[in-house]
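To start, the structure itself, in structure tokens.
The values are calculated or read from the model by the stated rules, or taken from the named source; none is laboratory data. Keep in mind the model is a prediction, meaning the values are calculated, not measured. Counting neighbours? That spans all protein chains shown, and the Cβs are built from the backbone with ideal geometry, glycine included.
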Amino acid sequence: MTRTATRFWFGYLVFWLLLGIGIGAVFFSWFPYGIYFAVPMILFGAIGVIPTILAFIWMTVPRGRHRRIAMVAYLVLLALIWHAPAAYRAWNEEPGNDGPYIYWSDDPRHTITIAWTTASPHSSRVQIEHTGGELRSIEGGQEPGRFHRVVVDGLAPDTAYRYRVPALGTTFYPFRTAPEEDVDFAFAAYGDNRPWSGITMHRRVVDAMLRYEPEDGYRFILNTGDIVENPDEGYGWQWRLLLRQIQPLAATRPYMIAVGNHEVRRTTDYFVRYFDYGGDQFWYGFDYAGVHFMILSTEHDLTPGSEQYEWMRANLEAHAEDARFVIASFHRPLMTYDPRDRYDEPERLETLLPVFQEYGVDLVLAGHVHAYERHLIDGLHHVITGGGGVLLWFVPETGPKTVATETRYHFCVIHVREDVMELVARRIDGTVIDRFEIPRRDAAPALGR
Ligand SMILES: [Fe+2]
């Protein structure tokens, strides 16, 4: 190849790369995360590389059989790379041997729900024992299938158990039932981990949650929704990806979800195959060591008089007064200063805030905005934790009620202590975005709280 030709093809490649870098820079200034820079750069770079390599083969390999073989081999390699994601998706479309994962669909002191999937139909059988106790086998009762769920009841409070799923192997997974007393504990909250076009940082967030787990562990995990991009036919691989990614957390810590808009796209049939939280499935409540959790669905009617609205009032009426703290969680926030104003939050704020104030809700954990945000709304602490793995989006606008905001992958750890609750929001390198305390409402004023 002559020097001129080399210069020409090198220049050709550099042109595409510079174009990619230029477009990447524009995106990067718009969105605050490196992926927006990298995607155009790689895309345009690749567009330049493909014809450049073809031309290089053409010019360096002598005419004849070898040149033809080299060019065909290169094109086959490109086709394989191009089809790899589609092949992965097709391969993982059907349920496989994934899980187990646990959650509560009944009283956390006395029950646990164990779930998993299998590639071929099996009966649903788990084995469970507490330390020193005898191993008992429990059948799920349903017909042999590929989606499995066994609700184990009759458990003793604050007791260490371990279980295994024979269909998946011999590994035992430990878990602990909820205590009767108001002990100190911690749990983790995060959300918006859905893969976007197959790209996800979710596993890195999960790894960080495990790395920075408090000494006595997370007693459970709360996900504020948007766990898959598409929930329905043709997207089974996203559910498998989810189960694989949450498994290190969810095999041993109950995994509770506030349903997001992506889980209800077109159908909710798929969500309920994997998670059934009891009650109405999409809105439910549970108590853990004197703290009441109320999970709502912003994807179903919440207007006054609706079924869910009436359930919410009744749930708070029954549980809020005796609870040392009340936490409400749902996907779409009560407020954000995003100028696009597409989250219907003014209506939600108007409907829910008076009810939350009436019953003394201490903290709201929401998602939907791909960032961390904290607002103080007339005394109500309102946190958006939407940095669980989906591509980060705009930097949210701030306003008079904003206390903190950062567009970064993160998770929240909530420490519940005798008369104070502390929330720590961490980036995935463990550094702290935000940290604040909420005192117990009925704590004695004489103690200065
Ligand atoms: Fe969302």
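The set of residues in the stretch 416-434 that are part of a strand (DSSP E or B) and surrounded by 14 or more Cβ atoms within 10 Å (Cβ to Cβ) comprises Val416, Val420, Met421, Glu422, Leu423, Val424, Ala425, Arg426, Arg427, Ile433, Asp434. Of all residues in the stretch 212-227, exactly one satisfies the criterion of being touching a residue at least 40 places away in the same chain (Cβ under 8 Å), closer than 13 Å to Phe275 by Cα and either acidic (Asp, Glu) or not in a strand (DSSP E or B) (or both), namely Gly225. Considering the stretch 246-273 alone, what residues qualify as being touching a Phe, Trp or Tyr at 6+ places or on another chain (Cβ under 7 Å), away from the ligand (no atom under 16 Å from the Cβ) and either at pLDDT 95 or above or farther than 21 Å from Val150 by Cβ (or both)? Of everything in the stretch 246-273, those that are touching a Phe, Trp or Tyr at 6+ places or on another chain (Cβ under 7 Å), away from the ligand (no atom under 16 Å from the Cβ) and either at pLDDT 95 or above or farther than 21 Å from Val150 by Cβ (or both) turn out to be Ile246, Gln247, Leu249, Ala250, Ala251, Thr252, Arg253, Pro254, Tyr255, Met256.
Residue-by-condition table, conditions (1) within 22 Å of Thr303 (Cα to Cα); (2) hydrophobic (A, V, I, L, M, F, W, C); (3) within 16 Å of the ligand (Cβ to nearest atom):
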{"residue": "Glu345", "(1), (2), (3)": "yes, no, yes"}
{"residue": "Val355", "(1), (2), (3)": "yes, yes, no"}
{"residue": "Glu358", "(1), (2), (3)": "yes, no, no"}
{"residue": "Leu363", "(1), (2), (3)": "yes, yes, no"}
{"residue": "His370", "(1), (2), (3)": "no, no, yes"}
{"residue": "His375", "(1), (2), (3)": "no, no, no"}
{"residue": "Gly386", "(1), (2), (3)": "no, no, yes"}
{"residue": "Leu392", "(1), (2), (3)": "no, yes, yes"}
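One residue alone among Val14, Val26 is outside the structural domain of Thr407 (by TED's automatic domain parsing), modelled with pLDDT of 85 or more, farther than 30 Å from Thr407 by Cβ and surrounded by fewer than 17 Cβ atoms within 10 Å (Cβ to Cβ), and that residue is Val14.
Only residues that are part of a loop (DSSP other than H, G, I, E, B), surrounded by 14 or more Cβ atoms within 10 Å (Cβ to Cβ) and not small (Gly, Ala, Ser): list them for the stretch 310-327, please. Passing the criteria: only Arg324. Right, Val76: within 38 Å of the chain's Cα centre (by Cα), farther than 30 Å from Gly169 by Cα, in a helix (DSSP H, G or I) and not charged (D, E, K, R) or not? Yes; evaluated as a whole, the condition is true for this residue. Could we say that Arg203 is in a loop (DSSP other than H, G, I, E, B) and farther than 15 Å from Val291 by Cβ here? When the stated conditions are applied, Arg203 does not pass them. Exactly one residue out of Ala258, Ala251 is within 21 Å of Arg273 (Cβ to Cβ), more than 14 Å from the chain's Cα centre (by Cα) and among the hydrophobic types (A, V, I, L, M, F, W, C): that is Ala251. When Ala328, Ala318 are checked against the criterion of being modelled with pLDDT of 95 or more, over 21 Å from His262 (Cα atoms) and of a type in the set (A, V, I, L, M), a single residue qualifies: Ala318. Selection within the stretch 173-196: residues that are part of a loop (DSSP other than H, G, I, E, B) and within 16 Å of the ligand (Cβ to nearest atom). The member of this set that is farthest from Ile414 (Cα to Cα) is Pro195. Please determine whether any residue of the stretch 88-95 is farther than 30 Å from Ile57 by Cβ and touching a strand residue (DSSP E or B) at 6+ places or on another chain (Cβ under 6 Å). Taking every residue of the stretch 88-95 in turn, at least one turns out to be farther than 30 Å from Ile57 by Cβ and touching a strand residue (DSSP E or B) at 6+ places or on another chain (Cβ under 6 Å).
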